[in-house]
Every structure is written in structure tokens, then in C-alpha cells.
1. Mind listing whichever residues of region 37-53 are over 10 Å from residue 85 (Cα atoms) and not in a loop (DSSP other than H, G, I, E, B)?
2. Those residues that are exposed (fewer than 15 other Cβ atoms within 10 Å of the Cβ), touching a residue at least 40 places away in the same chain (Cβ under 8 Å) and farther than 14 Å from residue 80 by Cα, I need them from region 12-24; list them, please.
3. Going through region 96-110 one residue at a time, which ones are surrounded by 15 or more Cβ atoms within 10 Å (Cβ to Cβ) and part of a strand (DSSP E or B)?
4. Collect the residues in region 59-88 that are in contact with a strand residue (DSSP E or B) (Cβ under 8 Å, 6 or more places away or on another chain), at pLDDT 90 or above and closer than 23 Å to residue 43 by Cα, keeping them in residue-number order.
5. Within region 74-95, restricting attention to residues that are touching a residue at least 12 places away in the same chain (Cβ under 8 Å) and assigned to a loop (DSSP other than H, G, I, E, B), which residue is nearest to the chain's Cα centre (by Cα)?
6. Assuming residue 114 fulfils every condition listed in (1) exposed (fewer than 11 other Cβ atoms within 10 Å of the Cβ); (2) out of contact with any helix residue (DSSP H, G or I) (no Cβ under 6 Å at 6 or more places or on another chain) apart from one, which condition is it?
7. Please enumerate the residues belonging to region 41-54 that are in contact with a strand residue (DSSP E or B) (Cβ under 6 Å, 6 or more places away or on another chain) and buried (at least 18 other Cβ atoms within 10 Å of the Cβ).
8. Taking residue 71 as the residue in question, decide whether it is free of Cβ contacts under 8 Å to residues at least 40 places away in the same chain and not in a strand (DSSP E or B).
């Protein structure tokens, strides 16, 4: 597979991203949870620019062992939120938080010699 240069590794720090064009496709490369993740910048819901959305920790309900409600908390899992309609996707797997059957299209990404490339 051909490689497309995205950025110098130091240019994409934790929580940051770069959107690049590869032919007719827009691809988002995001550094989150200490790793690089790359997806087509196309939300499966209605085609929004998902890779331009917020990165947030998943909000989870905290339920005690006796099944009583203890409130909300932030989980370790990070979600990418589509800016058009708020669909959330796990940054690691690309799966939709609300519908596990939906997901983002993964693009292979590598970091080598202080540079970041996607395989197109």
C-alpha cells in the first residue's frame, strides 16, 4: 500500500488531530490515549465531518453493587463526537456508542522516524 505523509510526529500531540485529503477522501488522524487513530472523515449517520468533532470521555452511570444510583462519572473510554448530530464513536475501535453495528471506517496509520503516515 502506498504511504501518504500526514505530519511530523511532534505536530500531533495528545488530543490533537490532522485532517488530510487522500484522493477523493478526507481522513482524520487523531492522537488519543497515547496512540494514533485514523478514520475516514465521514460519519455513517449522515456523512458529517466526524473527525472534526470533540474528543470526550464517555459518561457512565455509576450503579452501586446494591443497584442504587450513585450519579454520573467519566469513564476511561474516549469518544469522538460527530459535530453534526452528536453521534459518538469509541476512538480506539471506531464503533458507535449508541449502535454497535455502526462504525467509522478505519485507515491504517504508522509512526516511523518521527513522522506519521497513512496507508492509502
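The values are calculated or read from the model by the stated rules, or taken from the named source; none is laboratory data. The structure presented is a predicted model; accordingly, all values stated were derived computationally and were not measured. Cβ sites come from the backbone with ideal geometry, for glycine too, and all protein chains shown count toward neighbours.
1. Within region 37-53, 37, 38, 39, 40, 51, 52 meet the criteria.
2. Passing the criteria: only 23.
3. 96, 103, 109
4. Those that are in contact with a strand residue (DSSP E or B) (Cβ under 8 Å, 6 or more places away or on another chain), at pLDDT 90 or above and closer than 23 Å to residue 43 by Cα: 77, 78, 79, 80, 81, 82, 83, 87, 88.
5. That would be 91.
6. (2)
7. 41, 51, 53
8. no
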